[in-house]
Amino acid sequence: MNDKQVINQEQNNKLLNPLFHLTPDVDIYETAVDLVVIADLPGVAESALQLEVSRGVLTLEGEIQSTDSKQPVGYYRQFKLSDRIDADAGSAELKDGVLTLRLPKVEAVKPKKIVVKTLH
């Protein structure tokens, strides 16, 4: 099976057995230097967690590794981010089912003072 066939098979599996999404509880707060997102994602392994920022929208998605459910279950939530957030410099940590995501703010362009010199 080539790469394209594997991707098509994965897409077909998702269509045949869709993921049931739960909305995770999330706390968001802002500090002087960053935006902090704390999400409760019990049962999600690091390998099953996807964080993506596209067109200013943060997407959290994670699948719960459960064997007792016939239908796959996961978490899904999206947030619109401010232009003042530098998503490329973000960091994330998943510990005991709690995701802590830190997204630093972009440094504001500081006004420059122009010194005027008089010539004689």
### Message
Between residue 83 and residue 40, how high is the FRET efficiency from 1/(1 + (r/R0)^6) when r is the Cβ-Cβ distance and R₀ = 25 Å? Nearest 0.05.
### Response
0.35
#### Entry: For residue 64, residues with placed amide H under 5 Å, excluding near neighbours
73, 74, 75
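How do the peptides 79-92, 33-46 rank, highest first, by the average count of neighbouring beta carbon atoms within 10 Å per residue?
Values: 79-92: 13.2, 33-46: 16.6.
Ranked from most to least packed, the peptides come out as 33-46, 79-92.
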### Message
Using each residue's phi in region 24-30, evaluate 6.51 cos²θ - 1.76 cosθ + 1.60 at θ = phi - 60° and report the 3J(HN,Hα) Karplus result to the nearest Hz, with x for Gly and Pro.
### Response
x, 6, 9, 10, 10, 9, 10
## Note on the structure
So for R0 = 25 Å, FRET eff. of residue 57-residue 25 from the Cβ-Cβ r, to 0.05, ends up at 0.80
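Here, each number is a calculation from the coordinates, and none is a lab measurement. Computed from a prediction, not measured in an experiment: that's the story for all the values here. Quick reminder, even Gly has a Cβ in these numbers, built from the backbone with ideal geometry, and neighbours come from all protein chains shown.
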